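Q: This is the structure, below, for whatever I ask next.
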């Protein structure tokens, strides 16, 4: 991912009101290793159910607000994040909804999906498996996961846009 600034992030958000933008918290961008991210995802420090996903779609920066379910998934089970396809204990995955844009969003329409609760998919896909006879090049797995995650993020973001075909 190419580096972004707070102003760029705020300008990129496609499904937030002016009031929501005003109270959105942005993480410390100076600590971000941009080359190791397909998107910037974080939870809002002041609004516990809000999260944000920001990514480049070609030359355009897109940002989405998502809202986590108020209660975590019950323990004792596993769940999978739709973006990074990482299996985790169920409480580490959450149902998130994203308000749709335009008239549909104004009427309360939203799109939901299961995501890593901390929105740190870019970090999780980089946990390399141990090289073995079955997996001679673990880095190829990260490359494969990166492509798939970017495609799934793009498709999710298109479903948030009311004007997307």
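Q: Return the residue satisfying two criteria in turn: it lies in region 122-153 and is modelled with pLDDT under 80 and in a helix (DSSP H, G or I), and of such residues it is nearest to residue 41 (Cα to Cα).
A: Filtering region 122-153 for residues that are modelled with pLDDT under 80 and in a helix (DSSP H, G or I), the one nearest to residue 41 (Cα to Cα) comes out as 139.
Q: Also, quick follow-up: Only one of (1) at pLDDT below 95; (2) buried (at least 17 other Cβ atoms within 10 Å of the Cβ) fails for residue 106. Which number is that?
A: Unmet for residue 106, out of (1) at pLDDT below 95; (2) buried (at least 17 other Cβ atoms within 10 Å of the Cβ): (2).
Q: I'd like the residue in region 7-17 that is in contact with a helix residue (DSSP H, G or I) (Cβ under 7 Å, 6 or more places away or on another chain) and outside any loop (DSSP other than H, G, I, E, B) and, out of all such residues, is surrounded by the most Cβ atoms within 10 Å (Cβ to Cβ).
A: 13
Q: Here's a follow-up. Just for region 63-100: of the residues that are in contact (Cβ under 8 Å) with a residue 60 or more places away in the chain and part of a loop (DSSP other than H, G, I, E, B), which one is farthest from residue 20 (Cα to Cα)?
A: The qualifying residue farthest from residue 20 (Cα to Cα) is 85.
Residues are listed down the side, and each one gets a yes or a no for (1) surrounded by 15 or more Cβ atoms within 10 Å (Cβ to Cβ); (2) at pLDDT 95 or above; (3) touching a helix residue (DSSP H, G or I) at 6+ places or on another chain (Cβ under 7 Å):
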position	(1), (2), (3)
33	no, no, no
37	yes, no, yes
41	yes, yes, yes
44	yes, yes, no
54	yes, yes, yes
58	no, no, no
62	yes, yes, yes
65	yes, yes, yes
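Q: Let me ask something else. Among 126, 147, which is free of Cβ contacts under 8 Å to residues at least 12 places away in the same chain and under 19 Å from the mean Cα position of the chain (by Cα)? Walk me through it before giving the result.
A: Numbers: 126 fails: free of Cβ contacts under 8 Å to residues at least 12 places away in the same chain.
Of the residues listed, the single one that is free of Cβ contacts under 8 Å to residues at least 12 places away in the same chain and under 19 Å from the mean Cα position of the chain (by Cα) is 147.
Q: Which residues, taken from region 20-31, are touching a residue at least 24 places away in the same chain (Cβ under 8 Å) and surrounded by fewer than 14 Cβ atoms within 10 Å (Cβ to Cβ)?
A: Answer for region 20-31, where residues must be touching a residue at least 24 places away in the same chain (Cβ under 8 Å) and surrounded by fewer than 14 Cβ atoms within 10 Å (Cβ to Cβ): just 23.
Q: Just the residues that are over 12 Å from the mean Cα position of the chain (by Cα) and assigned to a loop (DSSP other than H, G, I, E, B), please, taken from region 39-62.
A: 44, 45, 46, 47, 48, 49, 58, 59
The values are calculated or read from the model by the stated rules, or taken from the named source; none is laboratory data. In this text the structure is predicted, and so the values were computed from the model without any measurement. Cβ atoms come from the backbone with ideal geometry, glycine included; neighbour counts cover every protein chain shown.
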